[in-house]
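*Asks:* Got a structure for you, written out below as structure tokens; questions coming shortly.
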Amino acid sequence: MDEKTAEKLRSSNIAILHGDDEFAIQQAVQLLLPSVQSGGMAELNLSRLDGRSVTKNELHNHLNLLPFGAERRLVILTYALAQVKTKDEQEEFAKLLDSLPPTTQLVMLISDSEIVDRGQKKWQVLSKHKWLSDWWALNEEKTFIQHFRLPNPYEMTGWILQEVQRLDGEIESRAAADLANALGNDTLLVSKEIEKLLIYTARERAITPEDVRELCSPIDREDIFAMVDAIASGNAKTAMRLLDISLQKQPEPMVFAMIVGHFRQLIVAAEMVSERLSAEEIAREVRKPDFVGRKLVNQVRRFSLSELDDIYQRLVLLDMQIKDNRMPPDLALELFVAEMARK
């Protein structure tokens, strides 16, 4: 994000950060924190709320509290549209946005994925909330909106080179390409590996291909496909064994991110199969080789779209519990696989 865009974000009354690039969304949120953290007042002027569980009264109260020792309060609302479904709820939420005091900045985080519907790309979540598009079109002067799309795999080498430079490090071009090939386009996962590599080199030299091979194991997609097959078959024993194999090869955050990404791709594939699109078109949409598209088509037939949505929501909940330190990642993975395989 360039400085001009960042300034628009900082000065907005309402910021809508939306898309599937979780790392970029987190980076944007970080730009806003210094304004409420100065003077040791962060606890008084910062609220983090979960849109799936916060009540209307709680949200209203947090938005209308006065700042203490600062110009504005910051309210970060994750899963911002989770409870905004009916027309009445939409109208009520729009009124809440209209009445937001200038002493509060509301940041709405909306995790979303692009799908193909009738041959056209659209955002799966945002497309169901036209009322929000209509609202911000009428309130552009106080609203900032940014869509964050994951880079495609062919862009990842350049993304890695830029990210290492941003962190005051150096990386050889071949090493950046090897890292992209090993980990794909999950920017959050790749960013963690970059941090690990920079600690390893102490920023005293450029990261080399040898460093990448030594520290960053490639994701084994076949293990994930096999584990999801076992889940679909209700074979908990095999699913748990395959999870254990994956955890022996990769750290828990990497395995969890791969499972989340896989089910996200299955949802996209299910939508596209319902539109009678080909495996090759699905592969292009999820930015994977054609053989991956064919495997997704075969696997998606074992789930209904509602089942995939339920599974994905379960993963989202576990992700929140892990980030809030309410559950260790290894236990979260074991519970998820055991629960899904026994359904």
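*Asks:* Using Cβ counts within 10 Å as a stand-in for footprinting exposure, how do His62, His18 rank, fewest first?
*Replies:* Details: His62 17, His18 22.
Going from sparsest to densest Cβ surroundings: His62, His18.
*Asks:* Hey, another quick one. What does the charge count near Leu106 come to, summing +1 for each Lys or Arg and -1 for each Asp or Glu among other residues with Cβ under 14 Å from its Cβ?
*Replies:* Around Leu106, the charge tally is +4.
*Asks:* Here's something else I'd like to know. Just subtract the alpha-carbon distance of Glu252 and Lys323 from 0.36 nm times their residue separation and send over the number in nm, one decimal. Mind showing how you got there, number by number?
*Replies:* Details: separation 71, 0.36 × 71 = 25.56 nm, distance 1.27 nm.
Once the chain is fully extended between Glu252 and Lys323, it gains 24.3 nm.
*Asks:* Would you work out the relative contact order for the chain, in percent, from Cα pairs under 8 angstrom that are 6 or more residues apart?
*Replies:* Relative contact order of the chain: 15 percent.
*Asks:* Do any trypsin sites (Lys or Arg not before Pro) in the stretch 303-341 lie in a DSSP loop with no more than 16 other beta carbon atoms within 10 Å, and if so, which?
*Replies:* Arg326
*Asks:* Give the shape of the stretch 209-343 as rounded, prolate or oblate, defined through the alpha-carbon gyration tensor: a ≥ b ≥ c are the square roots of its eigenvalues, a/c under 1.5 means rounded, and otherwise the shape is prolate if a/b is larger than b/c and oblate if not. Please report the intermediate quantities before stating the final value.
*Replies:* Values: a/c = 1.70, a/b = 1.21, b/c = 1.41.
Oblate, since a/c reaches 1.5 and b/c is not below a/b.
*Asks:* Using semi-axes √(5λ) of the Cα gyration tensor in Å as the read-out, say which of (i) 34, 27, 20; (ii) 45, 27, 16; (iii) 42, 24, 16 was calculated from these coordinates.
*Replies:* (i)
*Asks:* Further question on the same structure: Between helix 221-233 and the chain, what is the angle of the helix's C-alpha long axis to the longest principal axis, kept within 0 to 90° and rounded to the nearest 10?
*Replies:* It works out to around 80 degrees.
*Asks:* Further question: Relative contact order, percent, of the stretch 102-197 when contacts are C-alpha pairs under 8 Å separated by at least 6 residues? Intermediate results must be reported in sequence, preceding the final value.
*Replies:* Working: 52 pairs, mean separation 17.0, N = 96.
Contact order relative to length: 18 percent.
*Asks:* Compute the length gained on full extension between Glu214 and Gln165: take 0.36 nm times their separation in residues and subtract their Cα-Cα distance, giving the result in nm to one decimal. Can you show the working numbers first?
*Replies:* Values: separation 49, 0.36 × 49 = 17.64 nm, distance 2.13 nm.
Result for the pair: 15.5 nm of gain on full extension.
*Asks:* Taking amide hydrogens as modeled 1.01 Å from N in the peptide plane, which residues meet the under 5 Å criterion relative to Leu46, leaving out close sequence neighbours?
*Replies:* Result for Leu46 returns Leu74.
*Asks:* Going 7 Å from the Cα of Leu96 toward and past its Cβ, which residues in the stretch 46-71 have a backbone nitrogen under 17 Å from where you end up?
*Replies:* Within reach of a label on Leu96: 47-66.
*Asks:* In whole percent, what relative contact order does the stretch 221-341 give with Cα contacts below 8 Å and a gap of six or more residues? All intermediate terms of the calculation are to be shown ahead of the outcome.
*Replies:* Numbers: 107 pairs, mean separation 40.8, N = 121.
Rounded, it is 34 percent for the stretch 221-341.
*Asks:* Based on DSSP H runs of at least 4 residues, each adding -39500 (n - 2.57), what is the mean residue ellipticity at 222 nm of the chain after dividing by all its residues, to the nearest 500 deg cm²/dmol?
*Replies:* Numbers: 18 runs with 203 residues, N = 343.
For the chain, the value works out to -18000 deg cm²/dmol.
*Asks:* Quick one: putting +1 on the C-beta of Lys and Arg, -1 on the C-beta of Asp and Glu, what dipole do you get for the chain around its Cα centre, in Debye to the nearest 20?
*Replies:* On the way: 43 positive and 54 negative charges, 139 e Å.
Computed charge dipole of the chain: roughly 660 debye.
*Asks:* Can I ask one more? Using label points projected 7 Å from each Cα along Cα→Cβ, tell me how many nm separate Glu7 and Arg294, to one decimal.
*Replies:* 5.4 nm
*Asks:* If R0 is 45 Å, what FRET efficiency do you get for Glu339 and Glu89 from their C-beta distance, rounded to 0.05?
*Replies:* Working: r = 30 Å, r/R0 = 0.66.
That pair, Glu339 with Glu89, gives E of 0.95.
*Asks:* Under a point-charge model restricted to the Cβ atoms of Lys and Arg (+1) and Asp and Glu (-1), what is the dipole moment magnitude of the stretch 221-341 relative to its Cα centre, in debye to the nearest 20?
*Replies:* Numbers: 16 positive and 19 negative charges, 49 e Å.
Around 240 debye, computed over the stretch 221-341.
*Asks:* Just want the answer: with Cβ charges of +1 for Lys and Arg and -1 for Asp and Glu, which residue in Val75, Thr103, Asn57 is farthest toward the dipole's positive end in the stretch 3-148?
*Replies:* Asn57
*Asks:* Kindly identify the stretch 7-113 as rounded, prolate or oblate by the Cα gyration tensor criterion: order the square roots of the eigenvalues as a ≥ b ≥ c, call it rounded if a/c is under 1.5, otherwise compare a/b with b/c, prolate if a/b is larger, else oblate. Let's see the in-between values first.
*Replies:* On the way: a/c = 1.85, a/b = 1.23, b/c = 1.51.
Cα axes put the stretch 7-113 in the oblate bin.
*Asks:* Distance between the C-alpha centers of the stretch 189-245 and the stretch 1-20? Whole Å please.
*Replies:* 32 Å
All of the numbers you see were taken from the coordinates with simple rules; none came from a lab. Just so you know, these numbers come straight off a predicted model, no measurement behind them. Heads up, the Cβs are rebuilt from the backbone with ideal geometry, glycines too, and the neighbour counts pull from every protein chain shown.
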